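So the structure is just underneath, and the comments pick up after that.
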Amino acid sequence: MGRAFVYVILGGGVTAGYAALEFTRKGVQPGELCIISEESVAPYERPALSKGYLLPEAPARLPAFHTCVGAIDERLTPKWYKEHGIELVLGTRVKAADLRRKTLLTATGETISYKTLIIATGARALKLEEFGIRGAGAENICYLRSLSDANKLVDVMKASSGGHAVVIGGGYIGMECAAALVTNRIRVTMVFPEAHCMARLFTPKIADFYEEYYESKGVNFIKGTVLASFENNSDGKVMAVILRDGTRVPTDMVVVGIGITPNTSLFEGQLTMDKGGIKVNGQMQTSNSSVYAVGDVAAFPVKLFGGGVRRLEHVDSARQTARHAVSAIMEPGKTREFDYLPFFYSRVFGLSWQFYGDNRGEVVHYGDFAGARFGAYWVDRGRVVGAFLEGGDREEYEAIAKVIRLKIEVKDLAELETQGLNFAVQV
Ligand code: FDA
Ligand code: NAD
């Protein structure tokens, strides 16, 4: 049993939706394109899961956040795929890929063949079991990667209303979920191993601001340690978290955000890997010329950083790599090397920040930390390579992005500090 397509997208997340729209704009014909996804819904804007989806009042629900509404573009409902003759194979896991034969084998036993494959398998959340923690399968322990995870989190939050949650991990999921829990009137203790939150990006000074803000909302931080075990009741529910130093934190629920690992296992030994993902060139093409990789799973050269290979885990790079791969497939020869400016953002409570570039080199902070309008520049070998801004407006965010894009030279760091945001606005 089998079906054949010209183009197959393996994975039905953010990149799949943006790639599908781009395919139609580049003239894909009905019947040529197929998307295979383990999830049972059409591609959606995953960032909504830790923001609008968790709101206690008027939460976001599908079909409102199908891709590509996040980029203020068309909203692709299941009807849209049907109208464009795009086959959506949902609720179906691909369990084997044979890149020599150009076939994918699904868990339902179907073989789907392609001429060109786009790998869009994203990543999965790391599990506490992988760090040797027992009892981590309890029903009131939540992760957040998929819509079904989000539904479970909403249910557990409802059952824990007025109670207490422990959040494990001080990264994006930890920070965004802690804010959502507070908004749902659940008291939060955050536990993470680093000295401050968002250690991959924030400087200690920036982290101090957010930690103080969270503390003002009642969040308690336990830093520099990890959990050792769970204390479960006779129903198997977690009642308390035991930390490595023996501290016992009673709780009604637990949210875990301890990082992700890219879904590459189908391709190990078949494709060249790098940075934990699948290595691609400036056309998003892998070491097999019929196979492209995009989004969280792709490790691509960043021209702006001298061609250094990066694997980014953010929605903007998912959208842009998807569009670029389709362009390279449909218009080979016309598509230039991918030239991406790394862009990350987050929104929590009433706060909102954006970051462009790379956080390496010396840091110069500026602005009004007390008034929640501040930022930082990262300067490496005399040029601004990274820029962060909290509380900016559209023009200001565009200005800091431009500074990085143009690799503006800086001679005097003290002068840069004095100029602050004006330095970017005047470029
Ligand atoms: P994505 O994970 O979206 O999709 C992968 C798809 O492949 C899934 O549908 C999966 O089921 C499917 N799949 C995997 N293996 C398969 C197999 N073998 N067979 C079939 N299907 C398979 N970023 C940001 O910049 N700003 C933000 O605010 C946020 N917020 C945010 C919130 C939450 C809760 C999460 C989890 C993530 C974010 N992100 C984010 C990150 C962003 O969502 C992420 O970078 C993109 O979703 C990556 O898109 P991909 O398409 O690569 O993977
Ligand atoms: P992360 O890498 O941002 O943070 C992981 C955190 O886990 C670390 O900061 C550390 O504190 C903690 N940690 C690691 N190992 C641990 C352990 N053994 N015990 C306790 N804590 C441990 O990953 P995440 O927060 O899980 O986010 C998952 C993915 O979702 C990432 O790819 C992220 O980029 C993406 N995401 C992005 C956004 C955004 O861009 N606004 C929002 C949500 C999620």
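Coordinate-derived values only; no laboratory data. Small disclaimer: the values here were computed from a predicted structure and weren't measured. Because the Cβ atoms are built from the backbone with ideal geometry, glycine has one as well, and the counts that use them run over all protein chains shown.
Answer rounded, prolate or oblate for the chain, using the Cα gyration tensor with square roots of eigenvalues a ≥ b ≥ c: rounded when a/c is under 1.5, else prolate when a/b is larger than b/c, else oblate.
It is oblate, given that a/c is not under 1.5 and a/b is not larger than b/c.
Can you list the lysines whose alpha carbon is less than 22 Å from that of residue 303, not counting same-chain residues fewer than 8 positions off?
275, 279, 334, 402, 407
Quick check for me: using +1 on Lys/Arg Cβ and -1 on Asp/Glu Cβ, what's the dipole size of segment 212-273 about its Cα centre, in debye to the nearest 20?
I would put it at about 60 debye.
Tabulate in residue order the Karplus-calculated ³J(HN,Hα) for segment 138-154, using 6.51 cos²θ - 1.76 cosθ + 1.60 with θ = phi - 60°, rounded to whole Hz; enter x for Gly and Pro.
Using θ = phi - 60°, the values come out as 4, 5, 9, 9, 10, 10, 8, 9, 10, 4, 5, 4, 5, 5, 5, 4, 4 Hz.
So what is the calculated 222 nm ellipticity per residue for the chain, using -39500 (n - 2.57) for each DSSP H run with n of 4 or more, over all residues, to the nearest 500 deg cm²/dmol?
-6500 deg cm²/dmol
What does the C-alpha gyration tensor say about the overall shape of segment 138-274? Classify as rounded when a/c is under 1.5, otherwise prolate if a/b is larger than b/c, or oblate. Intermediate results must be reported in sequence, preceding the final value.
Numbers: a/c = 1.61, a/b = 1.20, b/c = 1.34.
Judged from the Cα gyration tensor, segment 138-274 comes out oblate (a/c at least 1.5, b/c at or above a/b).
Report, in debye and to the nearest 20, how large the dipole of segment 349-427 comes out about its Cα centre when Lys and Arg carry +1 and Asp and Glu carry -1 on their Cβ.
280 debye
Positive end of the charge dipole of segment 272-427 (Lys, Arg +1 and Asp, Glu -1 on Cβ, about the Cα centre): tell me which of 410, 301, 286 has its Cα farthest that way.
Value: 286.
Name the long-range amide H neighbours of residue 103: under 5 Å, sequence gap of 5 or more, or other chain; modelled H, no Pro or chain starts.
Close amide H contacts, sequence-distant or interchain: 98.
Which value, in debye to the nearest 20, gives the size of the charge dipole of segment 321-388 about its Cα centre, when Lys and Arg are +1 and Asp and Glu are -1 at the Cβ?
120 debye
Non-local amide H neighbours of residue 139 (under 5 Å, H modeled in plane, Pro and chain starts lacking H): which ones?
238
What ranking of 164, 324 emerges when the number of other C-beta atoms within 10 Å of each C-beta is taken as an exposure proxy, fewest first?
On the way: 164 16, 324 25.
In increasing order of surrounding Cβ atoms, one gets 164, 324.
Quick one: Karplus J couplings for segment 278-283, per residue in order, coefficients 6.51, -1.76, 1.60, θ = phi - 60°, nearest Hz, x for Gly and Pro?
9, 6, 10, 9, x, 10
Classify segment 324-396 from the C-alpha gyration tensor, please: rounded if a/c falls under 1.5, else prolate or oblate depending on whether a/b exceeds b/c.
oblate
Pull up all non-local amide H partners of residue 410: gap of 5 or more, or a different chain, and H-to-H distance under 5 Å with H placed in the peptide plane.
383, 384
Short version: ³J(HN,Hα) in whole Hz for each residue of segment 396-408, in order, from phi by Karplus 6.51 cos²θ - 1.76 cosθ + 1.60 (θ = phi - 60°), x for Gly and Pro, what are they?
Going residue by residue, I get 5, 5, 4, 5, 5, 5, 5, 4, 6, 4, 8, 6, 4 Hz, with x marking Gly and Pro.
Specify which residue in the list 112, 72, 259 is farthest towards the positive end of the charge dipole of the chain, using unit charges on the beta carbon of Lys, Arg (+1) and Asp, Glu (-1), about the Cα centre.
112
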